[in-house]
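What follows is calculated from the coordinates using simple rules that are stated; it is not laboratory data. These numbers come from a predicted model, not from an experiment. Please note: Cβ atoms are built from the backbone with ideal geometry, for glycine as well, and neighbour counts cover all protein chains shown.
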C-alpha cells in the first residue's frame, strides 16, 4: 500500500496539482480543496501533523499514513523530506487513489 501511496503522489504531481507541507495542506483542507492527504509517520514531534486526520474526516478527504517523510518528499519532487502532501487535482492518480 505504501508504494501505491507514493505512486499516487508522483502521478498527481505530474498530471494534477499537489500542495506540499503541513501548513499548505492545512490551509487547503480548511478551504475544502483537498481530495487526499498523505502524512509521514516519522515526523518529530508528532504534534506537527496530529490535527490533519481530524480535518480530513471533517472535510471528507482521504487520509493515508506513509512510513517515510524522505520518500514522501521525493515522490513530490522535493529535495528534502516533507511531513504532509495534499492532492487537490488527481490527474492520472485517480485510479491509484481508489485502491488506497
With r as the distance between the Cβ atoms of residue 2 and residue 78 and R0 = 25 Å, compute the FRET efficiency 1/(1 + (r/R0)^6) and round to 0.05.
0.90
Here the Kirkwood hydrodynamic radius of region 2-94, Cα-based and in Å, equals 12.5
